[in-house]
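What follows is calculated from the coordinates using simple rules that are stated; it is not laboratory data. The structure presented is a predicted model; accordingly, all values stated were derived computationally and were not measured. Here the Cβ positions follow ideal geometry from the backbone for every residue, glycine too, while neighbour counts run over all protein chains shown.
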């Protein structure tokens, strides 16, 4: 059912270390060629991860959420707008539409989130 070709994609992850500091990390995710939706051509899929729920989240222009840990492990994918996220180690990153982050900082100091340049729309998938 699957082919032999593989690919990798980059994934941004936020996590908490043993001292309670939150950091960004760049991870690689393996994708395998799969005949996923015949008769369509094969495509590349990651290993499935069970999800509990998905919601859409609209952050108004100028929204700012001060440092907080994530309420649960989740994947946040930006659909519209621009987000600036700062982790407790001081690093800041901007995410544009199509950007996705694996959010695992459910303990510790956490991260802050700011919607910049208009409303931001995300889909949040709880893991």
Worksheet, complete the sentence: Per the filter on region 68-92, residues assigned to a strand (DSSP E or B) and exposed (fewer than 15 other Cβ atoms within 10 Å of the Cβ) are 68, 79, 80, 92
Worksheet item: Is it fair to say residue 97 is surrounded by 13 or more Cβ atoms within 10 Å (Cβ to Cβ) and either farther than 21 Å from residue 127 by Cβ or touching a residue at least 40 places away in the same chain (Cβ under 8 Å) (or both)?
Response: yes
